[in-house]
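Trainee: The structure that follows is given in the form of structure tokens.
The values are calculated or read from the model by the stated rules, or taken from the named source; none is laboratory data. Predicted model, so just to flag it, every value in this text is computed and none were measured. All Cβ positions, even for glycine, are placed from backbone atoms using ideal geometry, and neighbour counts span all protein chains on display. Heads up: the accessible areas ignore ligands, DNA and RNA and are worked out on the full protein's heavy atoms, side chains in. Shrake-Rupley method; radii C 1.70, N 1.55, O 1.52, S 1.80 Å.
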Amino acid sequence: PGAWCIKPSNFVEGDTEDLHKHGQELWFYTCNWPTYPAINTHIDSFSSAARILHWIEYDYDIDGYFCYAATSADRGTNAEHPDPNPWINPYAHLAGSGDGNEAASDPAGDGYLIMIGKEGDGIVGRNMLVPTLRLEAIRDGMEDYEYLTLAEAKMQKFIEKYSIDADAKELLSTYTQALFRSVGDYEHDSSLLTQMRKLIAEYLMNDDTTLVTTKINEDG
């Protein structure tokens, strides 16, 4: 295949470089598992997760994002959760197969980033698609990715113009790694995320002719 899709929790440092070396792409995709605290797009997770996911993609050179299902008209049912209508109880979910098979689970929010309104449903009352807050967070994260890409291009141009011994992407890690340490360790405070995006926007808009950075000597 030309592209490999893996869950963020399965990412290992060096994966992207190995695939790029062979002319292939690496995409993140989210599905029914793993659940919180792993980064995903479920209702039970923090809303920042669906957005920071794309900051991680930028930092790790991930080529794209694949969502296996944006919406579903009905959900799986069992004796404990007999109603398939997510409007009635969006937290109703199947806990798995009972034999430890997590992949058989059906977490809250899995498979419906977009809700479906129908005539006579008692909720929306007409046939239409209704975006969720999680879908909006994904959109914002993709816009953040674009911000970071534009900032990298601007910084790289500056570096080349003045023959500075620096790497633009490494310098931008000041913003990205303020929000996460790994794919399983990310900030839950959305205000910090907003602050980082604001700083990047200010950098993109200003006409500064200086670049100030600090290098920390890990050897002390």
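Trainee: I need a count of the residues in segment 39-70 that are hydrophobic (A, V, I, L, M, F, W, C) and surrounded by fewer than 17 Cβ atoms within 10 Å (Cβ to Cβ).
Mentor: Matching residues across segment 39-70 total 4.
Trainee: Go through segment 30-52 and count every residue that is closer than 16 Å to CYS5 by Cα and either out of contact with any helix residue (DSSP H, G or I) (no Cβ under 9 Å at 6 or more places or on another chain) or not in a loop (DSSP other than H, G, I, E, B) (or both).
Mentor: 1
Trainee: Let me ask you something else. Being at pLDDT below 90 and either in contact with a Pro (Cβ under 8 Å, 6 or more places away or on another chain) or not hydrophobic (A, V, I, L, M, F, W, C) (or both) narrows it down to one residue among ASN32, ASN10; which is it?
Mentor: Exactly one of ASN32, ASN10 is at pLDDT below 90 and either in contact with a Pro (Cβ under 8 Å, 6 or more places away or on another chain) or not hydrophobic (A, V, I, L, M, F, W, C) (or both), namely ASN32.
Trainee: Suppose we keep only residues that are small (Gly, Ala, Ser) and out of contact with any Leu (no Cβ under 8 Å at 6 or more places or on another chain) within segment 1-18. Which one would you say is farthest from TYR60 (Cα to Cα)?
Mentor: The extreme case among them is GLY2.
Trainee: Need at least 1 residues that are among the hydrophobic types (A, V, I, L, M, F, W, C) and surrounded by 15 or more Cβ atoms within 10 Å (Cβ to Cβ) per element, so show me which strands (runs of 3 or more DSSP E) inside segment 112-220 make the cut, counting only ones lying wholly within it.
Mentor: 114-117, 180-182
Trainee: Determine whether MET205 is touching a Lys or Arg at 6+ places or on another chain (Cβ under 9 Å), among the hydrophobic types (A, V, I, L, M, F, W, C) and modelled with pLDDT of 90 or more.
Mentor: No, not satisfied.
Trainee: Hey, another quick one. Condition (residue is crowded, with 19+ Cβ neighbours inside 10 Å, of a type in the set (Phe, Trp, Tyr) and either at pLDDT below 95 or more than 17 Å from LEU135 (Cβ to Cβ) (or both)) applied to segment 73-90: is it met by at least one residue?
Mentor: Looking for residues that are crowded, with 19+ Cβ neighbours inside 10 Å, of a type in the set (Phe, Trp, Tyr) and either at pLDDT below 95 or more than 17 Å from LEU135 (Cβ to Cβ) (or both), one finds none in segment 73-90, hence no.
Trainee: Separate question: Taking only pairs six or more apart or across chains, which ones have beta-carbon atoms under 6 Å, a first residue in segment 1-20 that is within 22 Å of ALA49 (Cα to Cα) and open to solvent by less than 40 Å² (accessible area, probe 1.4 Å), and a second residue that is modelled with pLDDT of 95 or more and in a strand (DSSP E or B)?
Mentor: Close Cβ pairs satisfying both conditions: PRO8/PHE28; THR16/LEU26.
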